[in-house]
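Report on the following structure.
The values are calculated or read from the model by the stated rules, or taken from the named source; none is laboratory data. Predicted model, so just to flag it, every value in this text is computed and none were measured. Cβ placement follows ideal geometry from the backbone for every residue including glycine, while neighbour counts extend to all protein chains displayed.
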Amino acid sequence: MADAALIATGYQVFDAHRKEELGYGIYKGVITSLDMEQMIKHGKILNANGDEPKRITFLQCVGSRDEKSGNHYCSKICCVTAVKQAIEVRKQLPKCEASVFYMDLRMWGQGFEEMYRTAQEKYGVSFVRGRISEAAGTFDGRVQLKSEDTLMGLPLKMTTDLLVLMVGMEASCGTKVLGKSCDISGDYGFIRTVNPHLYDNETGRPGLFAAGTCKRPMSVSDSINDARSAANAIKDYLETLG
Ligand code: SF4
């Protein structure tokens, strides 16, 4: 029997099928940020017909800050990821237009605000404040979008080769099960800690600690720092046992 245990059950990606109106799983031109990451990694960004796309549109906050999906929180990493991916698209396909539809951009972390400026000034990425309400396939494999530019107060219709859904983070199944069975389940099924500011690795159950995205959305660097903090908290706890 162990004196201490650490919960590090992580997160799962929001299932884009739940946003039926955006057409994921129905139209081939609608993909997720994970699909785009793979395309960028392999240097093969292709539209539904296997050709080089002429326009790619990113949509923020899919499954986050969203009444309908029941997730009111921000997933923290997707704004930065969209800007990074839009820059990569423009680097790999200089003739392809890249637009990002956002509610408001949250560029957490050092250097990310500068990256947002670089995306506009150096790579010509367009940013449109507005939400896409509906996506529909066209006869030639593209995607037609209905939206509203909320800065201009105008409805907007456009066609894109790829619509990239920036999917948010949710508590993983393992996180939910453990949270319930140990009675430490918090908001949205994430693990609840004693105090998110001061005792954020302690669960309130002696010897049971938590780290990383089982508690809430975090970036990789946040998770690494949190893991270090959890190791220290466990060491302190074991020392009190003598
Ligand atoms: S990080 Fe950006 S895209 Fe992601 S949920 Fe927050 S505001 Fe939306």
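For K84, the conditions (1) touching a helix residue (DSSP H, G or I) at 6+ places or on another chain (Cβ under 6 Å); (2) more than 9 Å from the ligand (Cβ to nearest atom); (3) closer than 26 Å to Y11 by Cα; (4) not small (G, A, S) are fulfilled apart from (1). Pick out the one residue from G174, G204 that is without any contact (Cβ under 8 Å) to a residue 40 or more places away in the chain, away from the ligand (no atom under 16 Å from the Cβ) and closer than 23 Å to M1 by Cα. Going through G174, G204 in turn, the sole match is G204.
Which one of D140, D149, D161 is exposed (fewer than 14 other Cβ atoms within 10 Å of the Cβ), closer than 30 Å to I26 by Cβ and touching a Gly at 6+ places or on another chain (Cβ under 8 Å)? Unique residue meeting the criteria: D149.
In this structure, is S99 of a type in the set (G, A, S), within 16 Å of the ligand (Cβ to nearest atom), modelled with pLDDT under 95 and surrounded by 14 or more Cβ atoms within 10 Å (Cβ to Cβ)? In short, no. If only residues of region 44-61 that are outside any loop (DSSP other than H, G, I, E, B) and more than 8 Å from the ligand (Cβ to nearest atom) are counted, the one that is surrounded by the fewest Cβ atoms within 10 Å (Cβ to Cβ) is R55. At pLDDT 95 or above, surrounded by fewer than 17 Cβ atoms within 10 Å (Cβ to Cβ) and either part of a loop (DSSP other than H, G, I, E, B) or not assigned by TED's automatic domain parsing to the domain that holds D149 (or both), is that true of E113? No.
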